[in-house]
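For reference, the structure is listed below as structure tokens.
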């Protein structure tokens, strides 16, 4: 959110004496949304693991890579690539998240704890923000707001069919978002109320503190993968600093009416599986999109890869997206379509889906006035990994003091 002077409105630190109560978004009985004192209250999102480490101090990026030797994977189809053994060849790795992300030169990026951490962490990762903490300057907020809007357009466009596929259970989701409140009796009405919830969520800038009901979760992460057009790996970390990972991806489903529906999916990966993927990524110089979830904080962190990010993107030969497809073939993952996402058409589809949801409830769309809710248009392209213009200042380049490590790591 920007003020009339064009600058970013200040975001108070969570739990500070200057913390301002944000507006409570929602209507009817769902307006009384619980507002935690800070975003560090435990998350209610249905992730696979339930705890995380106390500290996010980065480890040495080359710790795992330097400790292992390059060796050919005998019998594997490599198409000329030699697989690099990135992590120690052990059946039980017990590696913390710093070792896993450090195996491809990853270091955490802290983002503001204002309830918008999923979108901010994703933005920081995809732009390879070169700072220990993302700063909400005007250009950063504008770019991240556009990302948030387009991701939530995907959520809205996919919601009705996601409900039919039982990827979203609207009554259960409303109970989770608004604990203590009774959702509508019918699934159709619950889906329509959930749609309205995400419309409200889309309207709010990433610079604005929001209550816990409006934190991003599993449904949003699935849409982020659709938006990015490649998988996202979310590292969920337990109390012993061990990291577990979920892969957010996307696929097409054939609906009963003959429609083809592309939407996000999620699957937990075993340690052996993620180890194989990282090994396959290392030699052809592929950087997968990663986020960290400190689960007991209910907080996401981005992951930046320093100079390696640019060096690997300009590596001679096929571009990184093509190399990612090769990695998927090598490890037996589906090769995902990289094209097919048009922001303007998705925004239009989201509006159509509102009409369809109301019609399923037996409500006249035009009589309800719902069609007046407009979606802002922008000619700017979405923020995409490795496609950000290096000449555009996003306002997050650290000062000389920050490069020297003088800026403290963000805590809770």
Some residue of the range 267-276 being in contact with a strand residue (DSSP E or B) (Cβ under 9 Å, 6 or more places away or on another chain), within 21 Å of residue 151 (Cα to Cα) and surrounded by fewer than 23 Cβ atoms within 10 Å (Cβ to Cβ): yes
Tally, over the range 299-312, of residues that are surrounded by fewer than 19 Cβ atoms within 10 Å (Cβ to Cβ) and either outside any helix (DSSP H, G or I) or in contact with a helix residue (DSSP H, G or I) (Cβ under 8 Å, 6 or more places away or on another chain) (or both): 0
Hey, residue 135 surrounded by fewer than 22 Cβ atoms within 10 Å (Cβ to Cβ), part of a loop (DSSP other than H, G, I, E, B) and touching a residue at least 24 places away in the same chain (Cβ under 8 Å) or not: yes
Scope the range 288-298; condition outside any strand (DSSP E or B) and either over 16 Å from residue 124 (Cβ atoms) or modelled with pLDDT under 90 (or both); matching residues: 295, 296, 297, 298
Residue, farthest from residue 338 (Cα to Cα), within the range 242-255, restricted to residues that are without any contact (Cβ under 8 Å) to a residue 60 or more places away in the chain and surrounded by fewer than 20 Cβ atoms within 10 Å (Cβ to Cβ): 254
Criterion (free of Cβ contacts under 8 Å to residues at least 24 places away in the same chain and over 21 Å from the mean Cα position of the chain (by Cα)) met by exactly one of 190, 239: 190
Extreme residue, modelled with the lowest pLDDT, among residues of the range 193-214 that are surrounded by fewer than 23 Cβ atoms within 10 Å (Cβ to Cβ) and either under 10 Å from the mean Cα position of the chain (by Cα) or outside any helix (DSSP H, G or I) (or both): 211
Some residue of the range 319-331 being over 27 Å from residue 115 (Cβ atoms), modelled with pLDDT of 90 or more, out of contact with any strand residue (DSSP E or B) (no Cβ under 6 Å at 6 or more places or on another chain) and in a loop (DSSP other than H, G, I, E, B): no
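The values are calculated or read from the model by the stated rules, or taken from the named source; none is laboratory data. Please read all numbers here as calculations on a predicted model, not as lab measurements. Every residue, glycine among them, receives a Cβ derived from its backbone with ideal geometry; neighbour counts consider all protein chains shown.
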